[in-house]
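The values are calculated or read from the model by the stated rules, or taken from the named source; none is laboratory data. Predicted, not measured: the structure shown is a model, and the values here were computed from it. Ideal geometry is used to build each Cβ from the backbone, glycine not excepted, and the neighbour counts take in all protein chains shown.
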Protein chains: 2
Amino acid sequence: MSVQVNDLSKKENENNSKKTFKVIDTDVHHDVRSTHDLLPYLSDHWKRYITDYGWKPIKTVPFNQVRKGSKYRADTFAENSPPGSDFDLLKKQLLDENEITYAVLGGWFHEATVANGWFEFAAARASAYNDYTIDKWLSKDKRLLGSITIPRDPVEAVKEIERVGSHPQMVQVMMSVGNFYWGEPQYHPVFEAAHRHGLVIGMHLSADISVSGNDYLRYYVAWRSAHPQAYMNQIISMITNGVFDKFPDLKVALIEGGFEWVPFLMNRMDAAYKGLRQETPWVKRMPSDYFRDNMRFSTQPWHDISAKHLLNIIDMMGTEDMLMFSTDYPHWDFDSPKRTLPPQISKDLQHKILFENARDLYKL
Amino acid sequence: MSVQVNDLSKKENENNSKKTFKVIDTDVHHDVRSTHDLLPYLSDHWKRYITDYGWKPIKTVPFNQVRKGSKYRADTFAENSPPGSDFDLLKKQLLDENEITYAVLGGWFHEATVANGWFEFAAARASAYNDYTIDKWLSKDKRLLGSITIPRDPVEAVKEIERVGSHPQMVQVMMSVGNFYWGEPQYHPVFEAAHRHGLVIGMHLSADISVSGNDYLRYYVAWRSAHPQAYMNQIISMITNGVFDKFPDLKVALIEGGFEWVPFLMNRMDAAYKGLRQETPWVKRMPSDYFRDNMRFSTQPWHDISAKHLLNIIDMMGTEDMLMFSTDYPHWDFDSPKRTLPPQISKDLQHKILFENARDLYKL
């Protein structure tokens, strides 16, 4: 394949950057105002852990310093509610101001998925969070699409997919990326249930993971630099365990993990497969084929990258269908749909990244 | 910068591929015939662990299957000696047949570096191995260059660098990549000692590392796909801990970790640094500057990669100085200097990768 850099004049660039594209935002973090928002959806037994026993979600990364203030965009704090928890503010700041056609909510409740032990309470929290999402978010705006939070226990995860997987605005099952490999056989029933319901698998890093093995790297800036490795390992695990051979139509959205490393991993895995495929005879195709057919990658956090280098990367991917725009609202490193993509790339490619690739993935 | 693909006719390609370039091989694994080869260089106390107590190096990766037979090139087995342990055979198969000008020996005795606990014995083994390398290898052929094996204990590591660092054929200190981060402050004296002796730091993966955190991925093909992450994390650790600010002239050779991922990590770290540099104020330059000025990457295992994509990657690196050819003799995935680089790239660039970049790094 061959992709071209448009050699635009400055004026044309400005015009192009002002053009309005339809936009799907594939990474939005809605939130609860507090854990008390879950109480209406929990049984009395589990309610007491919040009302009487002071249960709190596990602390995330061991870094005090992200940005001055916090990890949020400074203007996303509303009175008495943390960023992302006020529907009206999210509607105004994200959907209306950015003319978003659809936004895929991922929530923050990955913690139910990566929670160790006590899977029963995690399953109850995941269900409550899904009910909260349907009740307080999806019902209010047709532009909002949901991700099903699941517990790590695959039996309970399948039950939850059966329970809410047919909701018309639920488009994916969120497999939070924690310290275990989703490709392992014990999780295949979860892929099967998602696949049967026509749901995409979303994968998003949980903050509660050291990423790089061993201890946490010492700084947030270091941890963040290592962050994409967690996604690489889930991909390696899914491919080598034959997930895409069992479920050839399954689609996986890798959210907030970057994409500049994708051509490297495609080529690395192809080379390994050529020399060593006798080890995993259930893997029938070249690894890079699964990338192209089964995986999509969200774009935020966008790094400074020239049009030329972006097109190099897409050329090495071998397809223009792999990238999907995202904002990561309400986090500090929000990407605006109006200012992120280099305007020198073709309008067709901009439209694919901003809209079409996600529309096709989520069948919108 | 801009790099060009030569549009060669088939005939010119053939001619070009037959051209003889000078070659430095930056990744060769010499070996001991058995641990008994170390006995002449150990004190009586430590000798007994080998002769009487049956000490063996720790088992490496938990995969039984690499290639049919073993992890070695089939023709590198000599009678009564494992691949890489027979000087005459290595001389013939590697140096003479491939017209190698210099070969940098890395050995296999990283295990002394990554050994947990019992650092005293590890220090003795590292010293014995260095003496063995000088005595049985470097003294036999001026084309052979050595890497200093060190124990993980930084105090003993510094002593070992002081002891053998002035040997004229010792060109680098080998920091074996294990389950810890060399950039951490407790290891800075080791960088200081290497720097003071004008030695390069070599980094090579130890087999005894899960790479991806948590458990080992289930297959060798998966582990191998994840393998470069161990190098990424050492780089992240060195940069964020300010190693290259303390030792601006320090050079690090990242051996057998691949290179296609390098532009991604340069850009990822630059983006993280731009947003978060207040966290590590001792880091004074853009991370990508340290890559270009302080790091070099060996090329084996070479993946199928077109001249065009290779030049894309070099263009994104921003320099032609970063890559150094290597064979990984005597391993199964040996790369021949005559058949690896795509002949469509310029002769100048081939010469840089095959020879000049390593010559400049090791001051040969």
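Key figures
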quantity	calculated
Number of the exception - residue A:250 against (1) surrounded by 23 or more Cβ atoms within 10 Å (Cβ to Cβ); (2) touching a helix residue (DSSP H, G or I) at 6+ places or on another chain (Cβ under 6 Å); (3) more than 11 Å from chain B (Cβ to nearest Cβ)	(1)
Segment B:207-227 - residue that is more than 7 Å from every other protein chain (Cβ to nearest Cβ), under 15 Å from residue A:181 (Cα atoms) and in contact (Cβ under 8 Å) with a residue 40 or more places away in the chain and, of those, nearest to the chain's Cα centre (by Cα)	B:223
Count of segment A:229-247 residues which are over 15 Å from residue A:283 (Cα atoms) and facing another protein chain (nearest Cβ under 7 Å)	3
Residue check for residue B:332: without any contact (Cβ under 8 Å) to a residue 60 or more places away in the chain and either surrounded by fewer than 23 Cβ atoms within 10 Å (Cβ to Cβ) or within 12 Å of another protein chain (Cβ to nearest Cβ) (or both)	no
Any hit, segment B:34-50, residues being crowded, with 20+ Cβ neighbours inside 10 Å and in contact with a strand residue (DSSP E or B) (Cβ under 6 Å, 6 or more places away or on another chain)	no
Selected residue (only one of A:289, A:304, A:333, A:328 is of a type in the set (Asp, Glu) and touching a strand residue (DSSP E or B) at 6+ places or on another chain (Cβ under 6 Å))	A:328
Segment B:344-362: number of residues that are surrounded by fewer than 19 Cβ atoms within 10 Å (Cβ to Cβ) and either touching a Gly at 6+ places or on another chain (Cβ under 7 Å) or over 14 Å from residue B:26 (Cα atoms) (or both)	4
Failed item, numbered, when residue A:320 is tested on (1) of a type in the set (D, E, K, R); (2) away from chain B (no Cβ under 11 Å); (3) buried (at least 22 other Cβ atoms within 10 Å of the Cβ)	(3)
Answer residue from segment B:85-133, given it is of a type in the set (Asp, Glu) and in a helix (DSSP H, G or I) and is surrounded by the fewest Cβ atoms within 10 Å (Cβ to Cβ) among those	B:88
Residue A:78 being surrounded by fewer than 23 Cβ atoms within 10 Å (Cβ to Cβ), modelled with pLDDT under 95 and out of contact with any His (no Cβ under 8 Å at 6 or more places or on another chain)	yes
Residue pairs meeting the criteria (Cβ under 6 Å; at least 6 apart or on separate chains; first under 30 Å from residue B:179 (Cβ atoms) and of a type outside the set (Asp, Glu), in segment B:60-80; second at pLDDT below 70 and assigned to a loop (DSSP other than H, G, I, E, B))	none
Filter result for the condition that a residue is touching a Leu at 6+ places or on another chain (Cβ under 9 Å), more than 14 Å from chain B (Cβ to nearest Cβ) and in a helix (DSSP H, G or I), over A:344, A:350	A:350
Verdict on residue B:282 being buried (at least 20 other Cβ atoms within 10 Å of the Cβ), within 13 Å of chain A (Cβ to nearest Cβ) and of a type in the set (A, V, I, L, M, F, W, C)	no
Which listed residue is aliphatic (A, V, I, L, M) and touching a helix residue (DSSP H, G or I) at 6+ places or on another chain (Cβ under 6 Å), from A:265, A:311, A:364	A:265
Scan of segment B:283-329 for residues that are assigned to a loop (DSSP other than H, G, I, E, B), among the charged types (D, E, K, R) and touching a residue at least 12 places away in the same chain (Cβ under 8 Å), ordered by number	B:284, B:285, B:320, B:321, B:328
Matching residues in segment B:245-291 - criterion: being of a type in the set (D, E, K, R) and under 20 Å from the mean Cα position of the chain (by Cα)	B:249, B:251, B:256, B:260
Test for residue B:263: is it closer than 25 Å to residue A:311 by Cα, in contact (Cβ under 8 Å) with a residue 40 or more places away in the chain and touching a Phe, Trp or Tyr at 6+ places or on another chain (Cβ under 6 Å)	no
Which listed residue is over 30 Å from residue B:355 (Cβ atoms), touching a residue at least 12 places away in the same chain (Cβ under 8 Å) and in contact with a strand residue (DSSP E or B) (Cβ under 9 Å, 6 or more places away or on another chain), from B:181, B:187, B:129, B:102	B:187
From the options B:154, B:168, B:189, residue that is away from chain A (no Cβ under 14 Å) and more than 26 Å from residue B:232 (Cβ to Cβ)	B:168
Condition check for residue A:212: over 30 Å from residue A:281 (Cα atoms) and of a type in the set (Gly, Ala, Ser)	no
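Residue by residue, here is whether (1) farther than 16 Å from residue B:361 by Cα; (2) within 13 Å of another protein chain (Cβ to nearest Cβ); (3) of a type in the set (Asp, Glu); (4) touching a helix residue (DSSP H, G or I) at 6+ places or on another chain (Cβ under 9 Å) holds:
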residue	(1), (2), (3), (4)
B:258	yes, yes, no, yes
B:261	yes, yes, no, yes
B:272	yes, yes, no, yes
B:289	yes, no, yes, yes
B:296	no, no, no, yes
B:301	yes, yes, no, yes
